[in-house]
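Asks: Sharing a structure below in structure tokens format, with a few things to ask.
The values are calculated or read from the model by the stated rules, or taken from the named source; none is laboratory data. Computed from a predicted model, the values in this text were never measured in an experiment. No Cβ is skipped: glycine too gets one built from the backbone with ideal geometry, and neighbour counts run over all protein chains shown.
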Amino acid sequence: MHGYNGYLDSVLYQVIPAGRNFFHIREVLSGRIKGFRSNHIQACELAKTLEASLQATHGGMVSSPD
């Protein structure tokens with residue numbers, strides 16, 4: 001489950017350009033847009049926050065369905 005230096009092997013959220021200075025945060029497993037921001041740094045921070053909250057909800061264990 002964990003890769004190099006203890007990081008998760010899989011990405012749970014992706015920041016996707018959706019126009020000029022506009023970014024969607026997409027949940028990888030479902031393909032759903034979970035948020036948006038007009039600044040790339042803020043979009044990355046939101047993706048990290050969403051990922052951290054998902055991991056906290058599941059006790060640090062998050063995996064994709066097989």
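Asks: Got a sec? Which of 32, 26 is of a type in the set (Lys, Arg), in contact with a strand residue (DSSP E or B) (Cβ under 9 Å, 6 or more places away or on another chain), exposed (fewer than 12 other Cβ atoms within 10 Å of the Cβ) and modelled with pLDDT of 90 or more?
Replies: 32
Asks: So which residues in segment 9-41 are over 11 Å from the mean Cα position of the chain (by Cα) and touching a residue at least 12 places away in the same chain (Cβ under 8 Å)?
Replies: The answer is 18, 21, 22, 23, 36, 37, 38, 39, 40.
Asks: For segment 13-57, enumerate the residues that are out of contact with any His (no Cβ under 7 Å at 6 or more places or on another chain) and of a type in the set (Gly, Ala, Ser).
Replies: Selection gives 19, 30, 31, 35, 38, 43, 47, 52, 53, 56.
Asks: Please go through segment 35-47 and pick out each residue that is surrounded by 13 or more Cβ atoms within 10 Å (Cβ to Cβ) and of a type outside the set (Asp, Glu).
Replies: Scanning segment 35-47 gives 35, 36, 37, 40, 42, 43, 44, 46, 47.
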